[in-house]
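Every number in this text was worked out from the coordinates using simple rules, so none of it is lab data. In this text the structure is predicted, and so the values were computed from the model without any measurement. Here the Cβ is made from the backbone with ideal geometry for all residues, glycine too, and neighbour counts use every protein chain on show.
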């Protein structure tokens, strides 16, 4: 029994436990065990069980170990089979529909006999769903939209999950005795926010076709399809993961890596550039006058075409080839350019750590300041701060700041933008903060005119330093609300407010395409982790990837400035 297949079974058990309404910690235990098992990356778990190594693996407990032991001995799990009894056949698909809770799945199944997405769509369309208690037409329409989202994006993964999966697969590829080196390519290398499949390019010391065939026979592979007489093979694993393997010889590796990285439009523009310069890019080779031109690296390919190297994140066919020809590529921002973070929550609202713990974690990451921005009073669902609690928080921040000289905690707030465009709290209360982040957490269904006016009106308030997650999207689960973002960016430019690139991987909002437009308009971007824990501070890595896709440089980003410079920005916005 290989680790990937075992992990898939554990994941299914966790999901079914959640569907049956079991205590949440049990479902989480199986999900955690699945992550621990797949990270072992082994073709045979039996020796690890016999040696006791599996039992000693963090994340594996007696119950999950018992399931894995049975899988090794019999090839199946009796526990999983019992959990499936009485459940809708497509329960796991139904649970993926945005807006459909576990309790609602059970109700729909029990009352209407819904087994799968097709059944659900039928009862939502014919009116049956709206007749159930606590449903109604609005809920039915919302579920229909959720089905549409799932069908459109159900094969996609958010970047972090896909990147982790890719590097687990890469580690396995690198173990192959005939693989000299390998690298993750495709949309993960370009740091796209969502990923459809994983691409890996491998340089092989012997026959690439045979190497590709051997990967097709690997444990955990449910389907393998080789692309003709080549070293490219498409693999689908038992857990649904898609891997496109590109096995090539040493001479082909650089161009194969460039081609597999994409995007297709970038490849087209580079191919056109090559022809213009008298070359041809055919397959994984560059030729001139019918003779192959030796290319030893991606950098050498760009140099041969009189281009400065184009970073992978920028390879989207959006003018980067022309800019590279003119030597006009931006000096892209890096993680090391950040000097602080500004969108962070503590246990004063819905965060999981104290202010001191958040500050200490920020300091450990090399930053010189952190902005604490707990939720405002109207966000009662997130423990929004009442005025008496605000006073206590500010006193604590003053005490902590008095103990350090080279690090500063800033007093911020994430103030709700109310339905009429006002910021939560009165002006006198807002004056007490070093800066204010304004964001929308309610009334997402407003029409475009009303929502746009709501945000524009909020930006008229000089207290608003930063507009957070401006479109409200949640990747793969909630569409952006209706808003004319161009008008919002133009307003930000005119009033001198910053706009956030929210780095939570579920959001990554503002979208990188709009971030690039913001740069053109002269809008300052803030990269905010939206951290609700110390680990959440690391979200900024995802934000940096998006910023690089948007051609942003350090000077375009607010929190590359010192604390003093940032506070000057906030005061200037207020006119004080």
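Some points to look at:
- Separation of alpha-carbon centers, the range 517-564 and the range 28-97, rounded to whole Å: 39 Å
- Put simply, when 74-83, 493-502 are sorted by average Cβ atoms within 10 angstrom per residue, most first, you get 493-502, 74-83.
- Rounded to 0.05, the FRET efficiency of the residue 44 and residue 110 pair, given R0 = 45 Å and the Cβ-Cβ distance, is 0.60.
- Computed extension gain for residue 450 through residue 297, at 0.36 nm per residue and net of the alpha carbon distance, reaches 49.8 nm.
- Mean separation of Cα pairs under 8 Å and 6 or more residues apart, divided by the residue count, gives the chain a relative contact order of 9 percent.
- Reciprocal of mean inverse Cα separation for the chain (Kirkwood radius, Å): 26.5 Å
- Highest mean first, the peptides 400-407, 436-443 sorted by other C-beta atoms within 10 Å per residue fall in the order 436-443, 400-407.
- Using only alpha carbons, the range 91-153 has a radius of gyration to Kirkwood radius ratio (Rg to Rh) of 0.90.
- Globularity index of the range 273-325, i.e. its alpha-carbon radius of gyration over 2.2 N^0.38 Å: 1.12
- Quotient of Cα Rg and 2.2 N^0.38 Å for the range 155-250, N being how many residues it contains: 1.00
- Between residue 486 and residue 553, the simple label model (points 7 Å from Cα in the Cβ direction) yields a spacing of 2.6 nm.
- FRET efficiency, residue 394 to residue 25 (Cβ-Cβ, R0 25 Å, nearest 0.05): 0.10
- In the range 329-391, Rg over Rh equals 1.12, where Rg is the alpha-carbon radius of gyration and Rh the Kirkwood radius from pairwise Cα distances.
- If the Kirkwood radius is taken over C-alpha pairs of the range 335-574, then at 4 °C and 1.567 mPa s the Stokes-Einstein diffusion coefficient equals 74 µm²/s.
- Note: relative contact order over the range 1-95, using C-alpha pairs below 8 Å and six or more positions apart, is 35 percent.
- Separation in nanometres of the label points that stand 7 Å from Cα toward Cβ, at residue 328 and residue 137: 5.4 nm
- Modelled FRET efficiency - R0 30 Å, residue 74 with residue 156, Cβ distances, 0.05 increments: 0.30
- Among 318-325, 504-511, the peptide with the highest mean count of other Cβ atoms within 10 Å heads the list, and the full ranking is 504-511, 318-325.
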